[in-house]
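First comes the structure, then the notes that go with it.
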Amino acid sequence: MTEIPDHLLQRTRSRRQALGLPVSEGDAGGGAAPAAEPAAGVAVPGASGAASPPKGPVAPSGPVETPRPEPQPVPHYVQAYRKRKKIPIWAMPAVLALPLWAVLYAGTLTEPPTTEVTLLAEGGEVFSNCSSCHGATGGGGAGPALTDGAVLATFPDPVDHVKWVITGSGGATGGVYGAEGKPSAGGMPTFAETLTLEETVAVVLHERETLSGETIEDSAEMWGDLGRLIEDQAVLEAGATVTEEEVTEVLTRLGEESGIEIGAEEE
C-alpha cells in the first residue's frame, strides 16, 4: 500500500477546514486534530440553528411568469363579417316596419280584369285582310261596298255570307252570287285555308253589324243553321273542313257574348 506524503494530507486538511468540512483522523495522518473553527459567515452542516441545504430542485420564491401563447390568425369569414357594413341604428325602425308594409301592400294587389276579345272585335282585326279590296271602312274599291246595308241586301242569310267568304268566286252558281244574282267577276279569293270557321264568322259579324248596322237579334235564328256548311259541296271543294265541334263552339260563344239563344225563333 502506497503511503500518502504528509504535505498532501496537510493540504487536504487545510482545504476541508476552509470549506467548513469536518476533518477525520485519517486526514490527520493517524492523529486527531482539533476541528478548525468555521470561517465567518460559513454555515456548518449539522450545527444547531443552521438551515440544512435543500435537496432536489428548489421552487422560485417569486411569481412565476407563464409564457403567453402566440395569437391564432383570424378566420377569413370573421374578417369579412367585421368589415361588412352594418345597418345603421336610425334605419332599424324602417327595417322592422318592412313586414307590416309587405302585408298591407299584398292586400292592395288584385288580379287585373280579364278582357277577352269578342267575336265582333276579332272580326275587326280579321277585316284587315279584306280592306285592300273593300276599303278600310268597307266603302268599296276593287271590291263592292259593304256599308249602308249593301252586304245585307246581297246576303240576307248570314250563313250564305260565311259560305261566300270560305269559297270565294269559286262558289258562285251559274256565274252569279248572292240573293240579287250579281254576276261574279272571279275576283273574290277563297279563305278556306286562310281563316278558321271562328275567324270567318267573326269577320262576317263585323261586316254585317259594324259596317251595315245589323244586330244579332235580327239574324239569331238564321245563325242557328250554321251546321249545314259541314256537308256543303262547295265548301268541301274549296278545301275547307267544317266540323260539328267547330260549329258548336262558335254558336256557343256567339250566344254567350250576345246574351240570346242562337237558333231560337224570335217571337
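Each value in this text was obtained by applying a stated rule to the coordinates, not by laboratory testing. All values derive from a computational prediction rather than experimental measurement. Because the Cβ atoms are built from the backbone with ideal geometry, glycine has one as well, and the counts that use them run over all protein chains shown.
Close amide H pairs (under 5 Å, H built 1.01 Å from N) link Y177 with K182, S184, residues at least 5 positions away or on another chain. Counting neighbouring Cβ atoms within 10 Å and putting the fewest first, the residues T108, T243 line up as T108, T243. Note on I230, I4, I216, I87: ascending count of other Cβ atoms within 10 Å places them as I87, I4, I230, I216, the fewest first.
Estimated at 0.36 nm per residue, the fully extended path between E217 and R15 surpasses their Cα-Cα distance by 57.7 nm. Each Lys or Arg adds one and each Asp or Glu subtracts one; over the other residues with Cβ under 12 Å from the Cβ of E209, this totals -4. For the stretch 77-120, the spread of Cα coordinates along the three principal axes comes to 68, 24, 12 Å, biggest extent given first.
Each Lys or Arg adds one and each Asp or Glu subtracts one; over the other residues with Cβ under 13 Å from the Cβ of E237, this totals -2.
Averaging the Cα positions of each part gives two centres, and for the stretch 172-215 and the stretch 75-135 these lie 45 Å apart.
Compactness ratio for the stretch 119-258: Cα radius of gyration over 2.2 N^0.38 Å (N = residue count) comes to 0.96. In sequence order, the stretch 171-179 has phi-based couplings of x, 5, 9, x, x, 10, 9, x, 5 Hz under the Karplus curve 6.51 cos²θ - 1.76 cosθ + 1.60, θ = phi - 60°, and Gly or Pro positions carry x.
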